[in-house]
Each structure stands twice: as structure tokens, then as C-alpha cells.
Amino acid sequence: MSSQNYDSACLPDLLPLYYRRLFPFSQYFRWLNYGGVQKNYFQNREFSFTLKDDIYVRYQSFSTQTELEKEMQKMNPYKIDIGAIYSHRPSQHNTVKSGTFQALEKELVFDIDMTDYDDVRSCCSAADICCKCWTLMTIAIRILDRALRDDFGFQQLLWVYSGRRGVHCWVCDEGARKLSSAARSAVAEYLSLVKGGDDTLKKVVLTDPIHPFIRESLLLVERYFSRYALLEQDILGRKESVEKVLSLVPEDILYLKELQQVFQNEKKPETRWKLVKDHAIRKQVCISGTSKKGQHFEKEIMLQYCYPRLDVNVSKGVNHLLKSPFSTLSLSLLSFEPWTGRISVPMDLKELETFDPFAVPTISQICEELDRPRSGEEDGKSEDAKEKENEKEAAERRRIRDYKRTSLAKYVKYFDRFLDGMACSWKGELLKKSDLQKDF
């Protein structure tokens, strides 16, 4: 079966191989155990599994990595979701006194989904994505990563491609994991600029003075706006798109009619955008009294077309589940939308500009790669040489994890690098605990 022509009907055959030989259990446990700093942290974590025939199983929990491995290899989940750390073992939630089973902690998470940008992209819609609109995910990651690090001081950010049409961010700092629902809502609201549903025409409204966070975000948006909005989406080229942009220009601007007339003669999108900015400058110069409405309209347009669109509900709930890294399925099996088959993988922000979601391996691809003979193994060897080589290869395969022979290897490497960074903070906490225990 070609790795590009995967079929979800083959999952029952592929998943046992994936969980037996390819899933990075060691790194996965290392992440969610957080160095063992806090007692029962991994044991009280909720996992949920989506099984064959869309059977959804919640409140799974495990004592050890070995127990997790055995259960996942037994159940072969089509999709894995990660939930909160609870006051009791989630698997025993039915046995504890009513009201005492509480979600205590979880990573601060963010979910950015391409479907929320349908009103500002013309290349695709719904679940479809392409290299043109993927720029929106790049912008979202750049803006949110900077803000979470610089404005809030978080350091341990794990960015994950969902495997389908968006990205997730797991903020793993201890302070982030302990945030209350109210605090999570506050962070999410601070980061949210695009407001309103399908019926809202103008979704970004700026006030004066512009907040430093918004100014920093605008610097990042400006780097991508011309390429994404003017060239790839042609927002000032097609008639319906031009009308939409001009509808975002405040009606009280005296130059609007003039702008519309100039557009009749000037067809180049880049020149048209320069004219819009020039009119915005004239608006700011001519503004008088307290009538400041619309003075930043060109910035509002840029943000409406490019700023990250967050699902605040995902971020604010401590007990909200989110798809796990290295999970294989992105949607309900009963959905009529196409399944990509791509693995949900960690991302390296050093390579963000060249990240290609279509190059992320599918489960069928890595299973094929696992059993593919290495180049040159079969050519020009005697039977004795081949036998010795097979013995050598067998020994090597025992030493090296199977995933290193597949396209999954580089994404596990990204995950390892992230975990090594987190380990420094774990060691510090363990030393503190050790010193406290010695303090009589």
C-alpha cells in the first residue's frame, strides 16, 4: 500500500504495529511525569481513547509507563486525548465520594484551527488547507510564542501540529499548570483580538493608545501581510475581496469615495494597499477633538486578516481534553470529512518557516518505512556476506529504536530536545525538595 494512498480501513492492521514498535512511550512518560517532582502526578492524569467504531472511553489512568504501554497496545486507540491531573485516580472516579473528584492542574493549552479563518482565506475552506493559507498558522505561532514568553514569562512551550488543519500549544511551566480557570480565561482574553461571529463585519477594533502587546503583534503581522494577504489571497485584486476590505474602512472617512475612485485606475494590489495606508495617515493627521474612531483602520484590517484566532473555551477549562502528540486520528470516524492519516507531531520553531504539513508522515508511511530494506543491502553480496550482514542488522535493530528508521525520527528528536530543556527545571525542584527534607 502506498504511503500516500492510505486507507482508514487499514488502521486495525497498522495501529498494533505503531504502538508496539513506533510510539515513543519513553519520551511520552518522561513528559507527563514531569520528573516525578510531584507525587502521583502521572497516576492522576486522565487519558481518553477513541476506539474502533467511534467508541469513546474517558477517565483512563495508569500507574507506570509499562502499564500505559500494555493498555495502549491492548486497546490500540485510533485517537488519544490528554486531560487534567485530578484529585484521585481517574480510573477510580466512580468509587470516590461525590464532589471530591476534582480537576486540579493541567497544562495551559491553545488550539488554533484553520476553519476559524474561512472569512479571510479564498484558497481553501472548511477542513482543507494548502501552503498559501498555512502562513496563518506560522503567524499565529510567532505571535503567541513571543507573547507567552515575553509578556507572561513562560518558557516551556510545546508546539504540536494537529495532524490535520491546525496547531496546538502546550504551556508546560509549573506556574501555567497550576493556573485557575479564571486565570486561564484572563490569559486567553489578553491574547484575543478578533471578536465576533460570521455576522460581525468588523472583528478588530483598536483604541488609543495601542497596547504594547498589539504593537509587537503588528510588527510580526507586517512581515507576512504582503505575501499572505496581498499576493496569496489577493484581497485587493478580486472585486468581491476589494469590496470587503473597503467595507472595513470607517464610513466617516472623507477620503473613502476618493479611495474607491483611485482603485478604478490602479489595479496592482501592492499599490492599492499603499493608497489605503496613505489615507490612514491622512486620517490620523486630520483627526480633531475626541473623534478618534477609525484612526487605526489600516492596522485593524491587517489584524483581522492575519491575527491568531483562538478557541478560548479550550484554553480556559482545566478539565478540557486536547488531542495528544503522536496521536493518529484527528476527527470522529463517523465524520464525512477526509482523514489525513498524518501523525500529530511536535514542531521545531527554528524550522517554522519551512514547516510543511503535507510532509508530516502518515501512519501507513512510517509502517512501510519500518519494514523497508535499507538501500544497498541486497546488491553485490554473497549468501555468506548477506547472512553476516543480517546478523549485524539484527543486533543493530535491538540497540536502536525502530522509530529512528522512519520519517517519525526527526519529530521525536524535537520532542527529546524540548524534554531536555524541561529537565533543567525538574532538577531544580528535586534539589529544593531534597534540601527541605534535610532541613531539621
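The values are calculated or read from the model by the stated rules, or taken from the named source; none is laboratory data. The structure presented is a predicted model; accordingly, all values stated were derived computationally and were not measured. Cβ placement follows ideal geometry from the backbone for every residue including glycine, while neighbour counts extend to all protein chains displayed. Note: areas computed on protein heavy atoms with side chains; ligands, DNA, RNA excluded. Shrake-Rupley method; radii C 1.70, N 1.55, O 1.52, S 1.80 Å.
Could you check the range 48-70 and list, in sequence order, the residues that are of a type outside the set (A, V, I, L, M) and buried (at least 16 other Cβ atoms within 10 Å of the Cβ)? Within the range 48-70, SER48, PHE49, THR50, TYR59, GLN60, SER61, PHE62, GLN65, GLU69 meet the criteria. Only residues that are without any contact (Cβ under 8 Å) to a residue 40 or more places away in the chain and either surrounded by 18 or more Cβ atoms within 10 Å (Cβ to Cβ) or part of a loop (DSSP other than H, G, I, E, B) (or both) were counted in the range 174-206, giving 5. Of the residues making up the range 149-167, those that are open to solvent by less than 10 Å² (accessible area, probe 1.4 Å) and not in a loop (DSSP other than H, G, I, E, B) are LEU158, TRP159, VAL160, TYR161, GLY166, VAL167. Considering the range 262-283, and only residues there that are in contact (Cβ under 8 Å) with a residue 12 or more places away in the chain and of a type in the set (A, V, I, L, M), the residue that is farthest from VAL242 (Cα to Cα) turns out to be ALA280.
Screening the candidates ARG45, ARG30, ARG121 for the property of being open to solvent by 50 Å² or more (accessible area, probe 1.4 Å) and touching a residue at least 40 places away in the same chain (Cβ under 8 Å) yields one hit, ARG30.
Residues in the range 94-151 that are of a type in the set (Asp, Glu) and farther than 25 Å from PHE225 by Cβ: GLU105, GLU107. Taken across the range 155-168, residues that are in contact with a Gly (Cβ under 7 Å, 6 or more places away or on another chain) and under 17 Å from LYS323 (Cβ atoms) do not occur at all.
Considering the conditions (1) surrounded by 15 or more Cβ atoms within 10 Å (Cβ to Cβ); (2) assigned to a helix (DSSP H, G or I); (3) not hydrophobic (A, V, I, L, M, F, W, C), ARG282 is excluded by exactly one of them, (1).
Consider ALA103 carefully, then state whether it is among the small types (Gly, Ala, Ser) and modelled with pLDDT of 95 or more.
Numbers: among the small types (Gly, Ala, Ser): yes; modelled with pLDDT of 95 or more: yes.
Judged against the criteria, ALA103 is a match.
Which strands (runs of 3 or more DSSP E) sit wholly inside the range 47-129 and have at least 3 residues that are touching a Gly at 6+ places or on another chain (Cβ under 8 Å)? In the range 47-129, 108-113 are the strands (runs of 3 or more DSSP E) which contain 3 or more residues that are touching a Gly at 6+ places or on another chain (Cβ under 8 Å). Listed by first and then second residue, the pairs linking a residue in the range 155-173 that is more than 17 Å from ALA84 (Cβ to Cβ) to a residue that is of a type in the set (Lys, Arg) and open to solvent by 10 Å² or more (accessible area, probe 1.4 Å), with Cβ atoms under 6 Å apart and 6 or more places separating them unless they lie on different chains, are GLY163/ARG342. Restricting the search to the range 88-118, which residues are open to solvent by 40 Å² or more (accessible area, probe 1.4 Å) and among the hydroxyl-bearing types (Ser, Thr, Tyr)? Answer for the range 88-118, where residues must be open to solvent by 40 Å² or more (accessible area, probe 1.4 Å) and among the hydroxyl-bearing types (Ser, Thr, Tyr): SER91, THR95, SER98, THR100, THR115. Looking across the range 228-253 at every residue that is without any contact (Cβ under 8 Å) to a residue 12 or more places away in the chain and of a type outside the set (Asp, Glu), the one that is surrounded by the most Cβ atoms within 10 Å (Cβ to Cβ) is identified as LYS244.
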